[in-house]
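The values are calculated or read from the model by the stated rules, or taken from the named source; none is laboratory data. These numbers come from a predicted model, not from an experiment. Cβ placement follows ideal geometry from the backbone for every residue including glycine, while neighbour counts extend to all protein chains displayed. Just the protein is used for accessible areas: all its heavy atoms, side chains included, with ligands, DNA and RNA removed. Shrake-Rupley method; radii C 1.70, N 1.55, O 1.52, S 1.80 Å.
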Amino acid sequence: MPELPEVETIRRDLTSRIVGRTIVEAWVSPDAPKLVQDEPADAFCRHLAGRRIAELDRRGKYLLVRLDGGLTWIVHLRMTGGLIHTRGGCADERFLRARFRLDDGAELCYMDLRKLGTMWLTDDESRVVGKLGPEPLGEAFGPRELHRLLAKRSAPVKAVLLDQGAIAGIGNIYADEALFEAGIRPSKPAKALSRPAAGRLHQAVRKVLMEALADRGSSFRDYVDAEGEQGMHQLRVKVFRRTGEPCYVCGTAIKRIRVGGRSTHYCPKCQR
Ligand SMILES: [Zn+2]
């Protein structure tokens with residue numbers, strides 16, 4: 001569920017709280033055996049301990065915690081993961097899957113109801129994030145790049161927006177919202193989009209992501225920021241999970257279909 005705006009909100013919050021701190025102790029719950037990738041959890045904890053946090057970065061939906069010694073701790077929250085900075089212990093121990101104690105007495109609690117989240121400790125980030133497409137809020141992603149990318153694909157335009165190798169960071173919420181904003185039907189083949197339509201979609205993707213960032217993300221179910229607080233953008237979505245409710249522009253009932261195996265919401269009148 002956490003997409004670019006949610007992970008970026010966590011990154012920004014954590015930057016002022018943990019950059020410069022040293023991880024003094026790491027613990028991974030034995031009931032989360034799939035959390036740590038590529039090495040046993042005890043080795044991962046041993047390698048993290050004593051490392052100073054130099055910088056926080058993000059690629060797509062991946063949080064990159066750069067450590068001294070050239071190592072990067074990479075976190076992907078998947079469906080229900082959350083990384084919460086606290087001084088008073090973790091709020092709900094039932095879903096606590098890992099804990100990282102810092103040298104100022106604070107802790108990072110990794111909570112994950114469904115246990116789908118993953119972490120890596122690596123000296124080669126590209127092994128994990130090297131195949132991601134461009135950042136939609138970055139300079140390398142322009143209307144021309146988007147049109148070129150869509151022109152090569154016969155899949156539905158929504159499926160291409162969700163393809164992390166095409167564009168990084170967009171998930172189900174913001175794909176539906178961006179397509180509504182651009183007036184484009186999610187099931188339309190990507191290569192059928194004209195250059196002006198691709199330009200509208202490019203603008204819509206950026207607008208929707210920026211607005212969600214300003215709202216500190218969307219909390220439909222589990223997402224909370226680094227302080228355990230919900231985002232606000234779920235209150236401002238135009239189509240996502242509004243099936244049967246009137247379109248804010250034309251009053252037509254919002255429809256739900258499946259596109260590329262994902263539940264998809266759109267206005268049959270505004271989106272062509
Ligand atoms: Zn409409």
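Could you go through region 74-84 in sequence order and give the Karplus-derived ³J(HN,Hα) for each residue, using 6.51 cos²θ - 1.76 cosθ + 1.60 with θ = phi - 60°, rounded to whole Hz, and x for Gly and Pro?
9, 10, 10, 7, 6, 7, 10, x, x, 10, 10
Could you work out how much longer the chain between residue 263 and residue 154 gets when fully extended? Use 0.36 nm per residue separation minus the Cα distance between them, nm to one decimal.
Working it through step by step, the gained length comes to 37.3 nm.
Using only alpha carbons, build the gyration tensor for region 13-123 and give me the equivalent ellipsoid semi-axes, biggest first, whole Å.
Value: 18, 16, 14 Å, ordered largest first.
Taking every pair of alpha-carbon atoms in region 64-158, what share in percent sits in each 5 Å bin, from 0 to the bin with the longest distance?
Spelled out per bin, shortest first, that is 3, 10, 15, 15, 16, 13, 12, 8, 5, 3, 1.
Might you tell me the accessible area per residue for the chain, computed with a 1.4 Å probe and given in Å²?
Heavy-atom accessible area per residue stands at 45 Å².
How far is helix 4-18 tilted off the main Cα axis of the chain, in degrees rounded to 10, range 0 to 90?
Approximately 30 degrees, to the nearest 10.
So what's the net charge close to residue 255: Lys and Arg +1, Asp and Glu -1, counting the other residues with Cβ under 12 Å from its Cβ?
+3
Compute a Gaussian network model of the chain, connecting alpha carbons closer than 10 Å, and tell me which residue from 126, 187, 219 fluctuates the most.
126
So what is the 222 nm mean residue ellipticity for the chain from helices alone, if each DSSP H run of at least 4 adds -39500 (n - 2.57) and you divide by all residues, rounding to the nearest 500 deg cm²/dmol?
Calculated at 222 nm, the ellipticity per residue is -8000 deg cm²/dmol.
Among 271, 212, 234, which residue has its Cα positioned farthest towards the positive end of the charge dipole of the chain, with +1 placed on the Cβ of Lys and Arg, -1 on the Cβ of Asp and Glu, and the dipole taken about the Cα centre?
Most positive-ward Cα: 271.
Quantify, in whole percent, the carbon and sulfur part of the accessible surface of region 144-272 (1.4 Å probe; protein heavy atoms only).
That share works out to 49 percent.
Where Rh is the Kirkwood radius over the Cα pairs of region 172-214, the temperature 10 °C and the viscosity 1.306 mPa s, what D in µm²/s does Stokes-Einstein return?
152 µm²/s
Treating only the Cβ of Lys, Arg, Asp and Glu as charged (+1, +1, -1, -1), what charge dipole size does the chain show about its Cα centre? Round to the nearest 20 debye.
Here the size comes out at about 1720 debye.
For region 164-181, in order, what is each residue's ³J(HN,Hα) by Karplus, 6.51 cos²θ - 1.76 cosθ + 1.60 with θ = phi - 60°, in whole Hz (x at glycine and Pro)?
Karplus values, whole Hz, x for Gly and Pro: 5, x, 8, 9, 9, x, 8, x, 4, 5, 7, 5, 4, 5, 5, 5, 5, 4.
Subtracting the Cα-Cα distance from 0.36 nm times the residue separation, let me have the gained length for residue 145 to residue 253 in nm, one decimal.
35.5 nm
Suppose we keep just the alpha-carbon trace of region 36-81; what are its Rg and Dmax in angstrom?
11.3, 31
Under a 5 Å amide H to amide H cut-off, with H placed in plane at 1.01 Å, what residues pair with residue 259 once short-range neighbours are removed?
HN-HN under 5 Å from residue 259: 264.
Roughly speaking, what is the centre-to-centre gap between region 66-102 and region 10-29 when only Cα atoms are used, to the nearest Å?
When both Cα centres are located, 7 Å separates them.
Once you wrap a convex hull around the alpha carbon atoms of the chain, what is its projected area averaged over all directions, in nm²?
For the chain, averaging the hull's shadow over all directions gives 14.1 nm².
Do me a favour and compute the ellipsoid semi-axes for region 136-177 from its Cα gyration tensor, root of five times each eigenvalue, largest one first, whole Å.
15, 14, 8
Treating region 92-225 as a set of equal point scatterers at the Cα positions, no solvent, please give the Debye-formula log₁₀ I(q)/I(0) at q = 0.14, 0.19, 0.21 Å⁻¹.
Log-scaled intensity ratios, in q order: -0.77, -1.11, -1.23.
Return the equivalent ellipsoid semi-axes of region 75-128 as a descending list in whole Å, where each equals the square root of 5 times an eigenvalue of the C-alpha gyration tensor.
Values for region 75-128, descending: 21, 16, 7 Å.
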